[in-house]
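The values are calculated or read from the model by the stated rules, or taken from the named source; none is laboratory data. Since this is a predicted model, take the numbers as computed values, not measurements. Glycine gets a Cβ as well: all are built from the backbone with ideal geometry, and neighbour counts include every protein chain shown.
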């Protein structure tokens, strides 16, 4: 993976719908070069840009779930969960006997969501679910290990512009939006004109709904495989933190380069974070020297990933990111 690809990737992590021309200006290459390199990464399954429903709205609740199952059933269970459109970030851990995942659904729903179905699944021995109360990192920006690709000033300027656009959407997703949401889930970079052609909608209608939804009920995520870029040690951290220190700990973790997602949750382990490092030794050093030294951290449970099954909203199949089936 070359320098140009790393620059392009970080731009897309900051803003998945950043115009190719703007990326070219940042990277210092032509729009055609950016287009060619991006298509190559996408076609190789190294990166996938898509839209997802926000789990942090007044009408939706996000959860982190730990599922204990029989070791001979865990992979099949994880694969089944990965094909659902209400799950993300699925991995096998605990030697292959536990599945961790994120899910979200309408507040108060009694429908066919993951939490309702798990108790009736034969392979499940036990499970626990914690509601995510507030995300401090990763809801959009994700993992920041590639900050070295861009200068600090470049990254700050791009994040400021992306943050402004993200908070534009103010409306909820309606049933009439379903075709648009599905199209963006397949390709988060599709233009209003492309979407209009595919949906047979007027361009003005598509543009209006994009403005209403993106940055609010719907946001664009750039999935990528850390292993492709030399980062082979990933884990979920479940921390028990003194209540008065939760915000401080979450904000500090959010500023650490190895963290990709940080959230305060319900339960005795009231902070959850995902971590990615180059090696197990780097992971050990990070957990013991940085996380362990934070005031207020009372206990830490580290769950190294045995296999990544779903990265964001993309399935991981033979080392490639693909759309769920």
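Picking from 205, 189, 209, which residue would you name as being more than 25 Å from residue 321 (Cβ to Cβ) and surrounded by fewer than 21 Cβ atoms within 10 Å (Cβ to Cβ)?
Numbers: 189 fails: more than 25 Å from residue 321 (Cβ to Cβ); 209 fails: surrounded by fewer than 21 Cβ atoms within 10 Å (Cβ to Cβ).
None of the other options fit; the residue is 205.
Under the condition of being in contact with a helix residue (DSSP H, G or I) (Cβ under 8 Å, 6 or more places away or on another chain), without any contact (Cβ under 8 Å) to a residue 60 or more places away in the chain and surrounded by 13 or more Cβ atoms within 10 Å (Cβ to Cβ), which residue from region 274-325 is nearest to residue 64 (Cα to Cα)?
275
Listed here are the residues, each with its yes/no results for (1) assigned to a strand (DSSP E or B); (2) within 12 Å of residue 89 (Cα to Cα); (3) modelled with pLDDT under 95; (4) over 19 Å from the mean Cα position of the chain (by Cα).
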{"residue": "272", "(1), (2), (3), (4)": "yes, no, no, no"}
{"residue": "283", "(1), (2), (3), (4)": "no, no, no, yes"}
{"residue": "293", "(1), (2), (3), (4)": "no, no, no, yes"}
{"residue": "298", "(1), (2), (3), (4)": "yes, no, no, yes"}
{"residue": "307", "(1), (2), (3), (4)": "yes, yes, yes, no"}
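Could you please find all residues in region 14-44 being under 18 Å from residue 160 (Cα atoms) and touching a residue at least 60 places away in the same chain (Cβ under 8 Å)?
Within region 14-44, 14, 15, 16, 17, 18, 26 qualify.
Within the group 214, 221, 195, 199, which residue is surrounded by 19 or more Cβ atoms within 10 Å (Cβ to Cβ), over 17 Å from the mean Cα position of the chain (by Cα) and either touching a residue at least 60 places away in the same chain (Cβ under 8 Å) or over 30 Å from residue 277 (Cβ atoms) (or both)?
195
Contact list please: Cβ distance under 6 Å, first residue in region 69-81 and on the phi < 0 side of the Ramachandran plot and free of Cβ contacts under 8 Å to residues at least 60 places away in the same chain, second residue in a helix (DSSP H, G or I) and surrounded by fewer than 23 Cβ atoms within 10 Å (Cβ to Cβ), pairs at least six apart or on different chains.
Partner pairs satisfying both residue conditions: 69/77; 71/96; 74/96.
Which residues, taken from region 230-254, are surrounded by fewer than 18 Cβ atoms within 10 Å (Cβ to Cβ) and within 23 Å of residue 303 (Cα to Cα)?
If the condition is that a residue be surrounded by fewer than 18 Cβ atoms within 10 Å (Cβ to Cβ) and within 23 Å of residue 303 (Cα to Cα), then 230, 232, 240, 242, 243, 245, 247, 248, 251 are the ones that fit.
Hey, does region 252-261 have a residue that's assigned to a helix (DSSP H, G or I), within 18 Å of the chain's Cα centre (by Cα) and over 25 Å from residue 78 (Cβ atoms)?
Yes - at least one qualifying residue is present in region 252-261.
If a residue must be more than 29 Å from residue 228 (Cβ to Cβ) and modelled with pLDDT of 95 or more, how many such residues does region 252-270 contain?
The qualifying residues number 5.
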